[in-house]
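Report on the structure given below.
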């Protein structure tokens, strides 16, 4: 049995699209599946909308309520309620391709993997600005494309996202599930709970794969299509970096370029990025300017989280 878990918070209309895409899943040979919607204390019509769809899924769809706000708490509730040996996650603003689940399961079995993730491609509104489609911006919209070749993930340089992930439940139970000190709470941008789980899997020597044929599409909402949103997300990413390093030390970033290991190292990077902003502004290179601004916002997030811990 495979348990598909969708955690949701006040996104009733978008959730319906995600569930509609799951109705057309191709069957996985030798495996049945269930779909669990975890309502993370929504104040809209999430419960009514989900329960109204249950008859269309032939007993495969279930509604679960988690009062504690936070995507990590919601994912842990889904794991607890699941009956499958494998749990697969998508976000409530994603739609899946028909062979999505089949591709994830095939890779898990063929590679004897503990975790497999796939592509998260964009569904932009027709009037999305050109800057939002830049390669260096995609992670700010929770998009992921690591190419068209399957490969084993060996470091967080190739981290996977919770919007397209399948994991053996025994492995999640072994590490105690998702850490509730990571992950967004309500409308916050402090994502990172799946990054932290991937980190622990890698540190334990578990097998993690990227499967490009397992594709979901992420609906990029208009309210996110602003440079201010991207800057806030970069700031939050910097905070997550500090929390990851605080919990796991350098082991979490062993295969990444070492950054911010000292005050002088961080100061050197900030000067370089500030010089880049001045140059890009002077030459009117808007795309380059945004990239540099995001880097500075990321560094500010690192500084804020570091000082916040010291002040506490």
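The values are calculated or read from the model by the stated rules, or taken from the named source; none is laboratory data. Everything numeric in this text was worked out from a predicted model, so none of it was measured. In this analysis, Cβ positions are derived from the backbone assuming ideal geometry, glycine residues included, and neighbour counts consider all displayed protein chains.
Answer yes or no: is there a residue in the stretch 104-112 that is surrounded by 16 or more Cβ atoms within 10 Å (Cβ to Cβ), out of contact with any strand residue (DSSP E or B) (no Cβ under 7 Å at 6 or more places or on another chain) and closer than 26 Å to residue 30 by Cα. Yes, the conditions are met somewhere in the stretch 104-112.
Yes/no matrix, rows are residues, columns are (1) farther than 15 Å from residue 76 by Cα; (2) surrounded by fewer than 19 Cβ atoms within 10 Å (Cβ to Cβ):
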| residue | (1), (2) |
| --- | --- |
| 160 | yes, no |
| 178 | no, no |
| 181 | no, yes |
| 185 | no, yes |
| 194 | no, no |
| 203 | yes, yes |
| 206 | yes, yes |
| 245 | yes, yes |
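For the condition farther than 21 Å from residue 170 by Cβ, in contact with a helix residue (DSSP H, G or I) (Cβ under 6 Å, 6 or more places away or on another chain) and either without any contact (Cβ under 8 Å) to a residue 60 or more places away in the chain or part of a strand (DSSP E or B) (or both), what is the one hit in 87, 95? When all the criteria are applied, what remains is 95.
Applying the condition of being touching a helix residue (DSSP H, G or I) at 6+ places or on another chain (Cβ under 7 Å) and part of a loop (DSSP other than H, G, I, E, B) to the stretch 100-123 and asking which residue is nearest to residue 199 (Cα to Cα) yields 114.
Which members of the stretch 66-84 meet the condition of being part of a helix (DSSP H, G or I) and either farther than 19 Å from residue 196 by Cβ or not assigned by TED's automatic domain parsing to the domain that holds residue 193 (or both)?
Passing the criteria: only 81.
For the stretch 127-148, check the following and say yes or no: at least one residue is surrounded by fewer than 16 Cβ atoms within 10 Å (Cβ to Cβ), in a strand (DSSP E or B) and in the same structural domain as residue 198 (by TED's automatic domain parsing). The answer is no, given that none of the residues of the stretch 127-148 is surrounded by fewer than 16 Cβ atoms within 10 Å (Cβ to Cβ), in a strand (DSSP E or B) and in the same structural domain as residue 198 (by TED's automatic domain parsing).
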